[in-house]
Amino acid sequence: MAVIEKGGSSSGSSGKSALAFINDERFRSVFYQLLVGAIVLVAGYYLYANTAANLDARGMEVGFGFLGSTAGFSIAWSLIPYTPGDTYFHVFLVGIGNTLLVAAIAILTSTFLGFVMGVLRLSKNWLIRNIAAWYVEILRNTPLLLQILFWFLTVFALLPSPRQSLEPMTGFVLNNRGFYFPSPQPGDLFFLTAGAFVIGIVGAFILSKWATKRLFDTGQKTPVFPISLGLIFGFPLVVFLVTGAPLAFDLPTLQGFNFVGGGSVPPAFCALLLALTIYHSCFMAEAVRAGILSVSHGQTEASYSLGLKPSWTLRLVIIPQAMRAVVPPMISNWMNVVKNSSLAIAIGFPDLVAVFMQTSLNQSGHAIEIVAMVMLFYMTVSLSISLALNQYNKSVQLKER
Amino acid sequence: MSDTTHSDAVFRPKPSLPPPPNTVGVVGWLRKNLFGGPIDTIFTVVGIWLIGTLLVTVYQYGIANAVWEANSYRECLDTVLPNGEKVGHSGACWAGVAVWMNQYIYGRYPDPEQWRVQLCLAILVLWLMPFWLPRVTAKIQTGLSAVLTFPFLAAHILLGGEAGSFLMLTSSLALALFVTVWLNVITSYAMNKSVGKLVVELTGMADKDDRLHKWVLLAGFAVVFLGALAYESSWDLVAVPTTDWGGLFLTLCISGIAIASAIPSGVILALGRRSKMPVIRVFCTMWIELFRSVPLITILFMAVTMMPLFLPVELNPDKLVMVIVAVCIFASAYMAEIVRGGLQAIPKGQYEAAQALGLNYWKVTTFIVMPQALKLMIPNIVGNFIGLLKDTTLVSIIGLYDILLMAKASGQDPNWLGLHAEPMLFAAGVFFIICFAMSKYSQHLERTIAGGYGRR
């Protein structure tokens, strides 16, 4: 309605007829907005009145007081320490911790696998190209939930018992209780190594800035890459060895019927992570492929004719332009990974939805508050990611006109 | 100067040399595509090894060692292979899948009533068929009538029992529209004119005023409608509660309704979000951002835990209805963003030109902007439909027996305890076929209509 600034025929004739104001664009705009606002308000009041009546009938009260009371149930596995005596609010935090952990790892692995698959899909080799294409086609056309259940029911639920565990490498154990791995136990002086690592990263960053400036000023190049490598990895290594290697590994060992020591994750975690990685790598691969294809071949030819060698062309010409097309779909994929990690509930991994929206909700009955809190969490994550994405988009946009 | 006229001075190119033998034919193709260099060759060898292993495994598991007839999973595992060993987990137990096949497709819908599901599918296919028949007119009306009224007819047929007056009226309307659509197809092919024209001619009103035609057509349709109503009132179908619906049928049911509702609701929300009226814009934006940023499973939980609180007790909505509403809400938010993307891609000149022609907002939108925007967005829209179909499996988490939960349930049946991989593979195959076909069809559509300029 508002596209047309003045309602065509009526603007001149408003004095002639009493009904002419109906054709006035401003009046109509206000009228429609009042109408929509009124409908929303009435609907909202209707829902509110129903809810109040229903809650009254069930003798329930709305309020966040229940968050302080004891949850009383146990959680199979948690990143944040938890005991059944903790409060519902602590359950909420435990759920968030587990969700973010699995989502963060899945984002890293699926992005890596997606890059590999996306590049392979553009390979000059016919066989490799087709294998990658069918990998993507088959796995993205089957539901994620089905893949999660498949991995869980047919692989991770059928693993041998702890006594017959698979041990592909010393310290890494896989059985039907979960995946066990050595957990690092930093000694007293380990903070020095960590500090050296941070200093190395800062140093490499400053070095690259300085090298760029030197290149622009004098035209001389600095071997940034090997020096940075030395700064980031060599320097902490030296510090580590000088301080007497203050790091021990706690290896998982079989005691009785189970493994103790080391870190561990349950089979459901492994199944969820595997399925998320594989499923989302297909979408990442498509984003990477589309991004690289979006850079026109003329760019490659132009940079060759300027005398840039192929590796430079890729690094300085193709990738920066491809990233502009790759990053937005990739970040929306990351958001989907966070959202889809909620499917953990199907195989019993205690993520936010499972521990809070199911167990806590069933126990406490505070449906409205709990659903609102869970939705708020996911909205916060999504909106902050999309805010960051908008910032990035602004910074890489083609600067035209 | 005189030299140039001399015939010897004319440039005569030598015949070009044949291409090097190793760049043409099979050898050339192999060299170019598979053995371009040492790294390429290694890749190819690894690839061949991968495919070979995969094919051998699939053949061994799915065909060579598979068991096709058995009465329980135990029997499957204990079947003896020709080489004297037991099958165990080295071969698929397709016998279990065969036994459960009916449940995978129809859920617990009673066997003697399953013709109703098939009938509904047949009606839907027949209803949409005129889309692909070139000589039939009124394609848009056909599609709209199917999308808007078919669900009621299907609900009446599938639910059975005593239909309420609302369902009776809407489903009779649907049946009448369906009959009209096919009368139109028949007259279009038999007499090369639409059914409306034929009715007008038969009643002898052809030379009367056009305004009278409308009344004649309406009267004609009223006759068909009353016939449909009388016919449907005589139905005596056994009631099948929605708790018995399941399998692939339920999956397609939920996703079909969500897909059908997504386009109109998405268009409305997208227009609202781009509106210049702040109140409408804010409400639409809030709706879209809220439901896009939370996982579908939380919306489903909201539907089954909060909807009963929001609605009056006496309404007591069916679980399936609440789930369908939740999936539709989810679908509308995603579709809205896709449509908005399409709208943003339309150059401003199109709006300005249309306004300069004196079209109002709704005409600009329906005739100029929206057709272009939707055409542009075909790949994304179909991609969204595919995603929706896959996401429908989430209803299994809140206990609706869709194909996935049926597949899981078959492995928990005492007779078939542990039968997990085979039903999952079957379900995966079904989803793959549907989704892959949809994506290929969308690519075909993209080529034929979205290009738009070359073909007229």
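The values are calculated or read from the model by the stated rules, or taken from the named source; none is laboratory data. Owing to the predicted nature of the structure, the values given are computational and were not obtained by experimental measurement. Counting neighbours? That spans all protein chains shown, and the Cβs are built from the backbone with ideal geometry, glycine included.
Per the listing A:Arg163, A:Arg214, the residue uniquely assigned to a helix (DSSP H, G or I) and within 23 Å of A:Phe259 (Cβ to Cβ) is A:Arg163.
Per-residue answers, yes or no, for (1) within 17 Å of A:Ala268 (Cβ to Cβ); (2) in a helix (DSSP H, G or I); (3) at the interface with another protein chain (Cβ under 8 Å from one of its Cβ atoms):
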| site | (1), (2), (3) |
| --- | --- |
| A:Asn340 | yes, yes, yes |
| A:Val353 | yes, yes, yes |
| A:Leu361 | no, yes, yes |
| A:Glu369 | no, yes, no |
| A:Ala372 | no, yes, no |
| A:Leu376 | no, yes, no |
| A:Lys394 | no, yes, no |
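Checking each residue in the stretch A:28-55 for being surrounded by fewer than 15 Cβ atoms within 10 Å (Cβ to Cβ) and either in contact (Cβ under 8 Å) with a residue 24 or more places away in the chain or assigned by TED's automatic domain parsing to the domain that holds A:Glu369 (or both) picks out no residue at all.
The set of residues from the stretch B:234-251 being without any contact (Cβ under 8 Å) to a residue 40 or more places away in the chain and assigned to a helix (DSSP H, G or I) is empty.
State all residues of the stretch A:184-200 that are surrounded by 15 or more Cβ atoms within 10 Å (Cβ to Cβ) and modelled with pLDDT of 80 or more; if no residue qualifies, say none. Scanning the stretch A:184-200 gives A:Phe190, A:Leu192, A:Thr193, A:Ala196, A:Phe197, A:Ile199, A:Gly200. Looking across the stretch B:393-419, the residues that are facing chain A (nearest Cβ under 8 Å) and farther than 14 Å from B:Gln103 by Cβ come down to B:Thr393, B:Leu394, B:Ile397. Name the residue that is modelled with the lowest pLDDT, counting only residues in the stretch B:322-376 that are of a type in the set (Gly, Ala, Ser) and exposed (fewer than 14 other Cβ atoms within 10 Å of the Cβ). That would be B:Ala345.
Candidates B:Met302, B:Met307: the one that is out of contact with any Leu (no Cβ under 7 Å at 6 or more places or on another chain), at the interface with chain A (Cβ under 9 Å from one of its Cβ atoms) and surrounded by 19 or more Cβ atoms within 10 Å (Cβ to Cβ) is B:Met302.
Specify the residue that is surrounded by the fewest Cβ atoms within 10 Å (Cβ to Cβ); the eligible residues are those in the stretch A:70-85 that are in contact with a strand residue (DSSP E or B) (Cβ under 9 Å, 6 or more places away or on another chain) and of a type outside the set (A, V, I, L, M). For the stretch A:70-85, the residue satisfying everything is A:Gly85.
Applying the criterion of at least 3 residues that are touching a helix residue (DSSP H, G or I) at 6+ places or on another chain (Cβ under 9 Å) and touching a residue at least 60 places away in the same chain (Cβ under 8 Å) to the helices (runs of 4 or more DSSP H) found wholly in the stretch B:153-233 leaves B:165-190, B:210-233.
Quick grid of which residues meet (1) loosely packed, with under 15 Cβ neighbours inside 10 Å; (2) modelled with pLDDT under 80; (3) closer than 20 Å to A:Ala268 by Cβ; (4) not assigned by TED's automatic domain parsing to the domain that holds A:Ile345:
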site	(1), (2), (3), (4)
A:Tyr135	no, no, no, no
A:Leu145	no, no, yes, no
A:Ile148	no, no, yes, no
A:Leu158	yes, yes, yes, no
A:Gln164	yes, yes, no, no
A:Leu174	no, no, yes, no
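Remark: B:Ile329 matches the filter, which requires a residue to be more than 10 Å from chain A (Cβ to nearest Cβ) and of a type in the set (Val, Ile, Thr). Can B:Phe283 be described as crowded, with 21+ Cβ neighbours inside 10 Å, in a helix (DSSP H, G or I), of a type in the set (A, V, I, L, M, F, W, C) and in the same structural domain as B:Gly383 (by TED's automatic domain parsing)? So B:Phe283 fails the test. Among residues of the stretch A:184-207 that are farther than 12 Å from A:Phe235 by Cβ, those with a Cβ under 6 angstrom from a residue that is charged (D, E, K, R) and surrounded by 12 or more Cβ atoms within 10 Å (Cβ to Cβ), sequence gap 6+ or separate chain, pair up as A:Gln185/A:Asp250.
Among the residues here, B:Gly256 qualifies as out of contact with any Ser or Thr (no Cβ under 9 Å at 6 or more places or on another chain), within 21 Å of B:Asp391 (Cα to Cα) and at pLDDT 90 or above.
For the stretch B:157-180, the set of residues classified as under 17 Å from B:Trp127 (Cα atoms) and of a type outside the set (Gly, Ala, Ser) consists of B:Ile157, B:Thr170, B:Leu173, B:Leu175, B:Leu177, B:Phe178, B:Val179, B:Thr180, listed by residue number. Determine whether the stretch B:45-66 contains at least one residue that is surrounded by 14 or more Cβ atoms within 10 Å (Cβ to Cβ) and assigned to a loop (DSSP other than H, G, I, E, B). Yes: the stretch B:45-66 contains one or more residues that are surrounded by 14 or more Cβ atoms within 10 Å (Cβ to Cβ) and assigned to a loop (DSSP other than H, G, I, E, B). Does A:Arg121 meet the test of being crowded, with 21+ Cβ neighbours inside 10 Å and either without any contact (Cβ under 8 Å) to a residue 24 or more places away in the chain or within 30 Å of the chain's Cα centre (by Cα) (or both)? So A:Arg121 passes the test. Among residues of the stretch B:29-43 that are without any contact (Cβ under 8 Å) to a residue 24 or more places away in the chain and surrounded by 15 or more Cβ atoms within 10 Å (Cβ to Cβ), those with a beta-carbon under 7 Å from a residue that is part of a helix (DSSP H, G or I) and of a type in the set (Phe, Trp, Tyr) at least six positions away or on a different chain give the pairs B:Asn33/A:Trp126; B:Leu34/A:Trp126. Got at least one residue in the stretch A:98-116 being within 14 Å of chain B (Cβ to nearest Cβ), outside any helix (DSSP H, G or I) and surrounded by fewer than 18 Cβ atoms within 10 Å (Cβ to Cβ)? No: the stretch A:98-116 contains no residue that is within 14 Å of chain B (Cβ to nearest Cβ), outside any helix (DSSP H, G or I) and surrounded by fewer than 18 Cβ atoms within 10 Å (Cβ to Cβ).
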